[in-house]
1. Looking at region A:113-129, can you tell me whether even one residue there is part of a helix (DSSP H, G or I) and farther than 21 Å from A:Val16 by Cα?
2. Among the residues of region B:20-47, what is the count of those that are farther than 10 Å from B:Val4 by Cβ and either of a type in the set (Val, Ile, Thr) or modelled with pLDDT of 95 or more (or both)?
3. Surrounded by 12 or more Cβ atoms within 10 Å (Cβ to Cβ) and at pLDDT 85 or above: is that true of A:Gln44 in this structure?
4. Does A:Arg159 satisfy being surrounded by fewer than 20 Cβ atoms within 10 Å (Cβ to Cβ) and modelled with pLDDT under 90?
5. Do we find a residue being outside the structural domain of B:Val38 (by TED's automatic domain parsing) and touching a residue at least 60 places away in the same chain (Cβ under 8 Å) anywhere in region B:316-323?
6. Considering only region B:224-247, I want to know if a residue exists there that is more than 17 Å from B:Leu61 (Cα to Cα), away from every other protein chain (no Cβ under 14 Å), among the aromatic types (Phe, Trp, Tyr) and surrounded by 20 or more Cβ atoms within 10 Å (Cβ to Cβ).
7. Taking only region A:8-37 into account, find how many residues are more than 7 Å from every other protein chain (Cβ to nearest Cβ), under 20 Å from B:Phe230 (Cα atoms) and not small (Gly, Ala, Ser).
8. Name the one entry in B:His34, B:His3 that is more than 15 Å from A:Gly143 (Cβ to Cβ), touching a Cys at 6+ places or on another chain (Cβ under 6 Å) and not aromatic (Phe, Trp, Tyr).
Amino acid sequence: MDDLERLYKTHYSAVVRFLYRKIWDADRAEDLAQEVFIRAMAHQPEKPRAWIFAVAANLARDEARAAIRRKKHLTLLKDDPVPLTTPDASAEDSVERDERLAQVQGALSTLSQRDQEVLLLWDAGLSYPEIAAQTGLAVGAVGTTLARARKRLIEAYDRKEYPAHAARS
Amino acid sequence: MRHVPEEELHAYLDQALSRSQCVEIETHLARCGHCRAVRDDTAALRDRTTALLATLTPRPLILPPPMAELMSRRPVSVGSRLSVRTRRLGLLAAGVLGAVGAGWLARSVSLPIDVDPPVPMATALPATPLSTPITTVETIAEAPPPPPVSQPRRLELARKPAEDSAPPEAIAPAPELTLVSAVAPDGEGSPGGASVTALPPVAAPAGFDRLWRSVEWEDALVLAGGSLPFINGLPVLGVLLQPGQPGERPVVIVSQQHPSGEILRSIEGPVEKITEFLQRPAEPGLNASEPARTTPDYIESRGVTRRVLRALAVTGRLRADSLTALARAAALR
């Protein structure tokens, strides 16, 4: 239990961020993150860190399917992507941050499912072997996938942020 | 001459290669300007990706609910649990109903009644408990303890339970800090799972003269707002924190052991402090990386939001370019 408790404290925020970047709903992401750790306590997995992200990915997938079924997904993307702002932040800061968030979100959505998954798992702190085990890739292919995903994310973001420059180049 | 493939440079910067592979790449980089340029581009690409993804967070500070609360949910089926949103909506509705009811009551008795505003939702949520008391090992301070970090929860965490009502005790200056924690944060930092033994004490770095606290990894993680500088794959020897100004995250030093035995210190904090630290004369043989930018603080003061840029640098007895590569590979975990 101690290991799981430590993992809970150190990885809870990473799991919430990982889920949020898949379902774009802050409250639901926290709900699902707690669900992940509840399941981990029940299962006591041998490799808990890899396990919690595997379960988180599955829950996010189920959530996305359910959202599509409810015809809610587009509404979520449109209305609820950005509870990032602090309540007292100035309106200008808030608008700027919202725009930036929407651009990054849009850039991420241009990546393939595989590239997104690998990139988000890496950003959540998983090692190459853990990413390989979760995605079914060979360990050697993780670096290739990450290299491609990073490049595509930056290119897509630059296309949105600097469209004129991107068109010229 | 065969150049290093780009994906291998990504794996190198991600600390995902074996020691022998790293040596092979570093040897090649030392004599190949083309690959050094590609490495720098790759590191910049990697840094930008990290920075972009860092913006995709639901809140600036994500704290786990108390473990006990999670445990209490175990027997409850998933379907019957109320979602966070539902609970918040319920609290909001209860607050509105309470306010309306109180107003109606006040009007009906035609007496001036002070109606308490509805309880803010944030205070209705359970506070994070103190898992392990934080031990103030020692200080190098002449000043009284600086103001703690801004979050009320952090204030609770920063106190010893027995000291809640006691005045702060005088802390004697001393030159070195003893280790409190010698565990890797995720159990994978130590190659082969070997435990870290017979480690030298982690000395307080020269150049800082305010209060430093040595804290456990998980507590430091909470105090630092959910992220600490961490070089993947290296065991953590200890974490030092220096509280920042109100609303500012603390300056953090994470000491980790390189496979060569050298101790590396990742220092993360406001750019001015990191720059000041790097400009001070260092011990012979001690090098520092170029600072890498990390997530800034947004500090609200008198209705104005101020942005405080933060940076990360790695110091140790390795070559400066190796430290710079490590600083780029280090992430806020």
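1. Within region A:113-129, the first condition is being part of a helix (DSSP H, G or I), and the residues that meet it are A:113-123, A:128-129.
From the residues that got through so far, the ones that are farther than 21 Å from A:Val16 by Cα too are A:129.
Yes, region A:113-129 contains at least one residue that is part of a helix (DSSP H, G or I) and farther than 21 Å from A:Val16 by Cα.
2. 2
3. Details: surrounded by 12 or more Cβ atoms within 10 Å (Cβ to Cβ): no; at pLDDT 85 or above: yes.
No; evaluated as a whole, the condition is false for this residue.
4. yes
5. As a first pass, look at region B:316-323 and keep what is outside the structural domain of B:Val38 (by TED's automatic domain parsing): B:316-323.
Still in the list and also touching a residue at least 60 places away in the same chain (Cβ under 8 Å): B:318, B:322.
There is at least one residue in region B:316-323 that is outside the structural domain of B:Val38 (by TED's automatic domain parsing) and touching a residue at least 60 places away in the same chain (Cβ under 8 Å).
6. No, region B:224-247 contains no residue that is more than 17 Å from B:Leu61 (Cα to Cα), away from every other protein chain (no Cβ under 14 Å), among the aromatic types (Phe, Trp, Tyr) and surrounded by 20 or more Cβ atoms within 10 Å (Cβ to Cβ).
7. Matching residues across region A:8-37 total 3.
8. Working: B:His34 fails: touching a Cys at 6+ places or on another chain (Cβ under 6 Å).
B:His3 is the lone residue from the list that is more than 15 Å from A:Gly143 (Cβ to Cβ), touching a Cys at 6+ places or on another chain (Cβ under 6 Å) and not aromatic (Phe, Trp, Tyr).
The values are calculated or read from the model by the stated rules, or taken from the named source; none is laboratory data. Since this is a predicted model, take the numbers as computed values, not measurements. Backbone-built Cβ (ideal geometry, glycine too); neighbour counts: all protein chains shown.
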